[in-house]
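Bear in mind that the values in this text are calculations on the coordinates, not laboratory data. None of these values were measured; they are calculated from a predicted model. We place every Cβ from the backbone using ideal geometry, glycine too, and count neighbours over all the protein chains shown.
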Amino acid sequence: MIMENLNPHDQRPMLALAHGDPSIFPCFRTCRNAEAAVVDALSSGQFNSYGTAVGLPPARKAVAEYLSHDLPYDLSANDVVLTLGCTQAIDIALTSLASPGANVLLPRPGYPYYEVFSAHIGLETRHFDLVPKNGWEVDLDSIEALADANTVAMVIVNPGNPCGNVFTYNHLQKVAEVAKKLGILVISDEVYGHLTFGSNPFVPMGVFGNIVPVITVGSLSKRWIVPGWRLGWLVTNDTHGILQKYGVMESIKRIASISADPASFIQVKLDLSQLDGIIDDIDFCIKLAKEEKMIILPGVTMGSKNWLRVTFALEPTALEDGLERLKAFCQRHATTNK
Ligand SMILES: *Cc1c(COP(=O)(O)O)cnc(C)c1O
């Protein structure tokens, strides 16, 4: 619906600040040695046959070793199941937990695929809130209120999508303790995890794994591989500079009291009283597409009405252009202009 409103007569490039995948941009290109390794594997002829359903043993071993770097215990290849992206990992985790009458606790706002797949397999979903004024931390009391004897698991997305926040070690520990008390498993979605953000290393799998049973799901889809085989995710110096220049960092810290730098996404609250003739977040995004040829994700798609999810995983010049257009749009629609 939003895409249909892009103006074909607008000569400017279309800017998508709604996607989650940086790899289309040259500045986030996967490093050459990672590409070469894929080419070598293919031309070696050793991996062209039908693989085992849980992943090739050497690949599972490599993943176990990589993840064990951050953990107080060692994973083995048998702890690892390789899937087609995180989506299939979610399918398998939820399917294996679903039994008649079971329910699962999901964060709101959150990544919508969990609802979609739960509906598909008839697994009941219940929602706990992430609280903006606490840096999008889990409302722990609501978990206890929601859970009952049929609750099988709770889902944590960290770093958050759509909120971009990173939970503190301390908070993860509290979540794990509540889960333990309730006797439920944690599904920890770490599509962006296992990385170092600035000086803030975080290891949710280690925190949970020491306290409650945990299924960690993740993928490479939204990370990029940088030289030396490190997985990287976002906040480059350029990006950080632009976000500072436009006061974005200040604003999000004010709105959501996020202390660490956000990871790739930010959630922005729309103050509709400041905008003339804009009904809600969808209306905002449609008009923005029409007038500024840019796409932002309305928060309602992730469970937070009248918020916007903005990606900064793009070329710094495009990000700057996008923030300029956003500013022009907001100024044009400001109530004080009337
Ligand atoms: C993108 C995303 C997924 C899906 O990952 P794929 O590897 O693309 O299937 C799962 N969880 C979250 C939180 C995501 O943002």
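Some notes on this structure:
- The chain, dipole about Cα centre (Lys/Arg Cβ +1, Asp/Glu Cβ -1), debye to the nearest 20: 400 debye
- Amide H contacts under 5 Å for Lys293, placed H, 5+ residues apart: Asn7
- Put simply, the amide H of Asp276, placed in the peptide plane, has neighbours under 5 Å in Ala334, Thr335, leaving out anything fewer than 5 places away on its chain.
- Summed over qualifying helices (DSSP H, 4 residues or more, each -39500 (n - 2.57)) and divided by its residue number, the chain shows a 222 nm mean residue ellipticity of -11000 deg cm²/dmol.
- At full extension, Gln88 and Thr335 could sit 84.3 nm farther apart than now, given 0.36 nm per residue minus the alpha carbon distance.
- Protection proxy ranking of 301-314, 31-44, by the mean of other Cβ atoms within 10 Å over each peptide's residues and highest first, is 301-314, 31-44.
- Inverse of mean 1/r across different Cα pairs in segment 33-217, Kirkwood, Å: 17.7 Å
- Per-pair calculated FRET efficiency, R0 = 56 Å: Asp276 and Ser49 via Cβ, rounded to 0.05: 0.35
- Note on Ser23/Met3: beta-carbon distance plugged into 1/(1 + (r/R0)^6) with R0 of 25 Å gives a FRET efficiency of 0.75.
- Relative compactness, segment 283-332, computed as alpha-carbon Rg over 2.2 N^0.38 Å: 1.13
- Given R0 = 30 Å, the distance between the Cβ atoms of Tyr66 and Ser142 translates into a calculated FRET efficiency of 0.30.
- Degrees separating the helix 32-43 axis from the principal Cα axis of the chain, which is the longest one: 50 degrees
- Rounded, prolate or oblate (a/c below 1.5 giving rounded, otherwise prolate when a/b exceeds b/c) for the chain by Cα gyration tensor: oblate
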